[in-house]
1. Kindly indicate whether any position in the stretch 67-74 is over 16 Å from residue 156 (Cβ atoms) and part of a loop (DSSP other than H, G, I, E, B).
2. Considering only the stretch 137-220, give the helices (runs of 4 or more DSSP H) lying wholly within it that have at least 3 residues that are closer than 17 Å to residue 264 by Cα.
3. Would you check if there is a residue in the stretch 83-94 being outside any strand (DSSP E or B), at pLDDT 95 or above and more than 28 Å from residue 261 (Cβ to Cβ)?
4. Report yes if residue 112 is within 16 Å of the ligand (Cβ to nearest atom), in the same structural domain as residue 64 (by TED's automatic domain parsing) and crowded, with 24+ Cβ neighbours inside 10 Å, otherwise no.
5. How many residues, within the stretch 169-185, are over 22 Å from residue 83 (Cβ atoms) and in contact with a strand residue (DSSP E or B) (Cβ under 6 Å, 6 or more places away or on another chain)?
6. List the residue pairs whose Cβ atoms are under 9 Å apart, where the first residue sits in the stretch 1-14 and is loosely packed, with under 13 Cβ neighbours inside 10 Å, the second is of a type in the set (Phe, Trp, Tyr), and the two are 6 or more positions apart or on different chains.
7. Consider only pairs whose beta carbons are under 7 Å apart and that are at least six residues apart or on different chains; among these, list those whose first residue lies in the stretch 100-123 and is assigned to a helix (DSSP H, G or I) and whose second residue is surrounded by fewer than 24 Cβ atoms within 10 Å (Cβ to Cβ) and β-branched (Val, Ile, Thr).
Amino acid sequence: MIYAGVDIGGTNIKIGLVDINGNIIADNSIKTEPYEDYKNTLEDIVRDIKLLCNQCGIDYHDIAGIGLGVPGVVDSRTGTVSYSANLGWRDVPIVHALEVASGIHSEAANDANCAAWGEYKFGASKTMDNAILITLGTGVGSGIIINGKLFDGVASAGGEAGHMIIVKDGKRCNCGLKGCWERYASATALIEQTQEAMDKYPDSIMHDIVKEQGKISGRTAFIAAEKGDRAGKEVVDAYIDYIATGLINLGNIFHPNAFIIGGGVSNEGPALINPLEGKVNSGLLANEYNPKVRIIGASLGNKAGIIGAAALVM
Ligand SMILES: [Zn+2]
């Protein structure tokens, strides 16, 4: 059986053909065009799936299902995109429209939930029925798997851990609230914190690293910390504390087997994961009596969205 997985992003749409074991047989990416009508986007997607089929000698009609990951609020039960800021969609009956355009059974879910589902079915949390995926990128995305099922609340409007408030009257978030976790734990926030430290410490080697690399990035402070720079260490330590604060909150509510960490920042590997695991576990309630919550890097990388979307229809 072959399935198609589609991961719609603000700038690109990643599309892949996936087998029953979660292996990508063929994939590519097309531009997200700013169409007035969402049906044009679906036509682009169907055309691309047909192209991929041609490329690897698969009969289009053998595609058993199409899964779609969409950035925004997606009610997976009704197959409706309630709201997507990135795409400018509101109350779009996406699953029905995709089935009409493709002639193939389809399902849709929020993109972070797709990634969590992919990691659960075929990736880092494969054997774990309770795992929470956190992606540290432009924002903080999350996908919550409880007892082997995606948890996303009424009309799939929940499961947005990035907008839990960790600082009362804190920094203003794009969502309109103040003090959201993603304002402190995203890659965007890390860059902001790095900039602030650089202003404060003109002697920090972070200035040289930025000169070398052309721009400040989520890596700057980690590189400096690794070289023993005090300001860099301070940034990394405070940033990991912010991530830990959110994970301790989630840990005390769900106590999952593991937190799976994805997104660009997760490439820091042990320099991020090891201190985070220590901080989170020492912060959990009655931590000496309960099993440890593991912190694991995501394993499907930027293909998690495609694989997870395809897994929706398996
Ligand atoms: Zn927010």
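The values are calculated or read from the model by the stated rules, or taken from the named source; none is laboratory data. Everything numeric here is computed off the predicted structure, so don't read it as measured data. As a convention, Cβ positions derive from the backbone with ideal geometry for all residues, glycine included, and neighbour counts pool all protein chains shown.
1. We begin by selecting, within the stretch 67-74, every residue over 16 Å from residue 156 (Cβ atoms); these are none.
Taking every residue of the stretch 67-74 in turn, none turns out to be over 16 Å from residue 156 (Cβ atoms) and part of a loop (DSSP other than H, G, I, E, B).
2. Values: elements: 182-185, 187-200, 206-213.
Filter on the stretch 137-220 gives 182-185, 187-200.
3. Initially, the stretch 83-94 is screened for residues outside any strand (DSSP E or B), giving 85-88, 93-94.
Right, trim to at pLDDT 95 or above and you get 93-94.
Among the residues that remain, those that are also more than 28 Å from residue 261 (Cβ to Cβ) are: 93-94.
Looking through the stretch 83-94, at least one residue is outside any strand (DSSP E or B), at pLDDT 95 or above and more than 28 Å from residue 261 (Cβ to Cβ).
4. Numbers: within 16 Å of the ligand (Cβ to nearest atom): yes; in the same structural domain as residue 64 (by TED's automatic domain parsing): yes; crowded, with 24+ Cβ neighbours inside 10 Å: yes.
So residue 112 fits the description; yes.
5. Restricting attention to the stretch 169-185, the residues satisfying the condition of being over 22 Å from residue 83 (Cβ atoms) are 169-171, 179, 184-185.
Restricting the remaining residues to those that are in contact with a strand residue (DSSP E or B) (Cβ under 6 Å, 6 or more places away or on another chain) gives 169-170, 179, 185.
Looking only at that region, the number is 4.
6. none
7. 101/46; 102/46
Yes/no per residue for (1) within 16 Å of the ligand (Cβ to nearest atom); (2) touching a residue at least 60 places away in the same chain (Cβ under 8 Å); (3) more than 18 Å from residue 251 (Cβ to Cβ):
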residue	(1), (2), (3)
134	yes, yes, no
138	yes, no, yes
152	no, yes, yes
155	no, yes, yes
164	yes, yes, no
170	yes, no, yes
